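Novice: One structure is given below, represented as structure tokens, and several questions about it will come after.
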Amino acid sequence: MSVFDGLLALVVSALAWRCVTAPDLYRSIVLFIVTGLMLALAWVRLDAPDLALAEAGIGAGLLGILLLSTWRVLIHAGPEQADRPGASTRVRWLAGAGSGLLGVLVAVALYQVQTAIDADRAGTLALEGLGAAGVDQPVTAVLLNFRSYDTLLEMGVLLMALIGALLLRSPLIHRPGDDDAGTDSPLIPVLVTVFVPLVILMGTFLVWAGAYMPGGAFQGGAVMAGAGVMLVLGGRLHSAAQLGLLMRTLLILGVTVFTAAGLLLMPAEGAFMAYPQALVTPLMVLIEFSLAISIALTLLLLFTGTTGLRRADP
Amino acid sequence: MLDWLAAALIGSGLVFFLAGTVGLLRFPDVYTRLHALTKADNTGLGLLAAGVALLSGTWQAILLIALIWFLAVTAASIACHLVARHHLRDEREDDTP
């Protein structure tokens, strides 16, 4: 373990502690985002770039945006809503113990990864079966093929979460436009026109890259959702009360394609979600892209808190 | 020789980052803090990127680093502009109730 790893473990635990004990909500949210970024750095040090991308994109990025927009709604409802009493001594001790433990765990993990990895694990089996998986990246092979049931159910959970959030949305609607500084700034069109295509390109690449290097549907979908957030904040996309047919279709695209691929090949293969060797690679790519599109739209709708989106009037 | 040049570039980049952070912590209001942060950090990032590009060796990596540098600088400048603009508006609203 290098000096850098030791510092990283210290910083992660200090940030986690401050995140709980910070005197106001806004500071806690910012500290939470920074903690997420530092954890992503720790995953990089642990040679787990897939997790680092997911942590940075979803854990720090999109969750941070969701927390910040919730904070804004609270501030608008009345500044006292966003106040909170300072952490009590007991909470401080508990948070200290928890974040200290986190720091120790990070340090132990960073120390362990330098030594040999045990051969007799599930990971070895996955690596041995990689030839049949249709993709060269072990993480994607596990997610989309070896444990595809779990991933399919995760997509269902994500859809359920969105439906639940939309049912509860009325007190949490963020209405862009009424007081957003910046939509009238001359730099916003520059930001939107330069960055959004690049971000979408990067998201698409991450999904595609999932087949042979770190990346995948969740990471790419989160990046694409980030482009959508930029479009909403930049005033190019507005909330709409109705969920159009296209949006509904895209929302369930992932679950539908995943299930259909499993069911339609059942007569030929004899088992749910068993794929013929000749078709497995194109199927993986197809499933991966449909998952990414659904994930991106779900995360974006979680951010806007509305059932639909429409283009801004020119 | 190249290594030393790269080390010098990265080292001076870090000095700029340090100065920017000290400015952020010590300056009195939003505008001076933004000034310290963006000017010093953008210079620091440029030097750091130049140093890393020297070490990377391949032109593909150099192009990627240049692209990342450009995106980071653009995003930071626009973010700085938006923060300053928001703060200015808040101040004006406070003056004219």
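Novice: Kindly establish whether A:Leu66 is buried (at least 16 other Cβ atoms within 10 Å of the Cβ), outside the structural domain of A:Arg169 (by TED's automatic domain parsing) and either at pLDDT 90 or above or not aliphatic (A, V, I, L, M) (or both).
Specialist: Details: buried (at least 16 other Cβ atoms within 10 Å of the Cβ): yes; outside the structural domain of A:Arg169 (by TED's automatic domain parsing): yes; either at pLDDT 90 or above or not aliphatic (A, V, I, L, M) (or both): no.
So A:Leu66 fails the test.
Novice: Can you name every residue in region A:220-251 that is surrounded by fewer than 16 Cβ atoms within 10 Å (Cβ to Cβ) and in contact (Cβ under 8 Å) with a residue 12 or more places away in the chain?
Specialist: If we filter region A:220-251 for residues that are surrounded by fewer than 16 Cβ atoms within 10 Å (Cβ to Cβ), which is where we start, we get A:240-246, A:248-249.
Across region A:220-251, the qualifying residues are A:Ala240, A:Ala241, A:Gln242, A:Leu243, A:Gly244.
Novice: So, of the residues in region A:17-35 that are at pLDDT 90 or above and in contact with a Leu (Cβ under 7 Å, 6 or more places away or on another chain), which turns out to be surrounded by the fewest Cβ atoms within 10 Å (Cβ to Cβ)?
Specialist: So, considering only residues that are at pLDDT 90 or above and in contact with a Leu (Cβ under 7 Å, 6 or more places away or on another chain), the one surrounded by the fewest Cβ atoms within 10 Å (Cβ to Cβ) is A:Val34.
Novice: Could you tell me whether A:Gly203 is away from every other protein chain (no Cβ under 14 Å), at pLDDT 90 or above and part of a helix (DSSP H, G or I)? Working first, answer last.
Specialist: Details: away from every other protein chain (no Cβ under 14 Å): yes; at pLDDT 90 or above: yes; part of a helix (DSSP H, G or I): yes.
Yes: the conditions hold for A:Gly203.
Novice: Let me ask something else. Can you tell which of A:Ala181, A:Ala141 is farther than 22 Å from A:Leu67 by Cα, modelled with pLDDT under 85 and not charged (D, E, K, R)? Before the answer, list the steps.
Specialist: Values: A:Ala181 fails: farther than 22 Å from A:Leu67 by Cα.
Selected residue: A:Ala141, the only one of A:Ala181, A:Ala141 that is farther than 22 Å from A:Leu67 by Cα, modelled with pLDDT under 85 and not charged (D, E, K, R).
Novice: Same structure again: Please count how many residues of region B:65-82 are in contact with a helix residue (DSSP H, G or I) (Cβ under 6 Å, 6 or more places away or on another chain), facing chain A (nearest Cβ under 9 Å) and more than 22 Å from A:Leu201 (Cα to Cα).
Specialist: Of the residues in that region, 1 qualify.
Novice: Give the residue, chosen from B:Gly44, B:Gly11, that is in contact with a helix residue (DSSP H, G or I) (Cβ under 9 Å, 6 or more places away or on another chain), buried (at least 19 other Cβ atoms within 10 Å of the Cβ) and in a helix (DSSP H, G or I).
Specialist: Numbers: B:Gly11 fails: buried (at least 19 other Cβ atoms within 10 Å of the Cβ).
Step by step, each of B:Gly44, B:Gly11 is checked, and only B:Gly44 is in contact with a helix residue (DSSP H, G or I) (Cβ under 9 Å, 6 or more places away or on another chain), buried (at least 19 other Cβ atoms within 10 Å of the Cβ) and in a helix (DSSP H, G or I).
Novice: Here is a follow-up. Residues in region B:53-60: is at least one assigned to a helix (DSSP H, G or I), in contact (Cβ under 8 Å) with a residue 40 or more places away in the chain and away from chain A (no Cβ under 12 Å)?
Specialist: Here is the first cut: in region B:53-60, the residues assigned to a helix (DSSP H, G or I) are B:53-56, B:59-60.
Restricting the remaining residues to those that are in contact (Cβ under 8 Å) with a residue 40 or more places away in the chain gives B:54-55.
Next cut, away from chain A (no Cβ under 12 Å) only: B:54-55.
Checking region B:53-60: at least one residue is assigned to a helix (DSSP H, G or I), in contact (Cβ under 8 Å) with a residue 40 or more places away in the chain and away from chain A (no Cβ under 12 Å).
Novice: Restricting to region B:14-23, and then to whatever is closer than 25 Å to B:His86 by Cα and surrounded by fewer than 16 Cβ atoms within 10 Å (Cβ to Cβ), can you tell me which residue is nearest to the chain's Cα centre (by Cα)?
Specialist: B:Thr21
Novice: Looking only at region A:261-314, filter to residues that are outside any helix (DSSP H, G or I), of a type in the set (A, V, I, L, M, F, W, C) and touching a helix residue (DSSP H, G or I) at 6+ places or on another chain (Cβ under 6 Å); which one of those is modelled with the highest pLDDT? Talk me through it step by step, then tell me what you get.
Specialist: From region A:261-314, those outside any helix (DSSP H, G or I) are A:265, A:270-279, A:305-314; that's our starting set.
After this cut, where a residue has to be of a type in the set (A, V, I, L, M, F, W, C) as well, the list is A:265, A:271-274, A:278-279, A:309, A:312.
Filter once more, keeping what is touching a helix residue (DSSP H, G or I) at 6+ places or on another chain (Cβ under 6 Å): A:272-273.
Numbers: A:Phe272: 82, A:Met273: 79.
Once the filter is applied, the top-ranked residue is A:Phe272.
Novice: Can we say A:Ile173 is at pLDDT 85 or above and within 18 Å of A:Thr306 (Cα to Cα)? Outline the logic, then answer.
Specialist: Details: at pLDDT 85 or above: no; within 18 Å of A:Thr306 (Cα to Cα): yes.
Spelling it out, it is not the case that A:Ile173 is at pLDDT 85 or above and within 18 Å of A:Thr306 (Cα to Cα).
Novice: Does A:Arg72 satisfy being touching a residue at least 40 places away in the same chain (Cβ under 8 Å), in contact with a Ser or Thr (Cβ under 8 Å, 6 or more places away or on another chain) and surrounded by fewer than 17 Cβ atoms within 10 Å (Cβ to Cβ)?
Specialist: Details: touching a residue at least 40 places away in the same chain (Cβ under 8 Å): yes; in contact with a Ser or Thr (Cβ under 8 Å, 6 or more places away or on another chain): no; surrounded by fewer than 17 Cβ atoms within 10 Å (Cβ to Cβ): yes.
The answer is no for A:Arg72.
The values are calculated or read from the model by the stated rules, or taken from the named source; none is laboratory data. Keep in mind the model is a prediction, meaning the values are calculated, not measured. Glycine also receives a Cβ, built like all others from the backbone with ideal geometry; neighbour counts cover every protein chain displayed.
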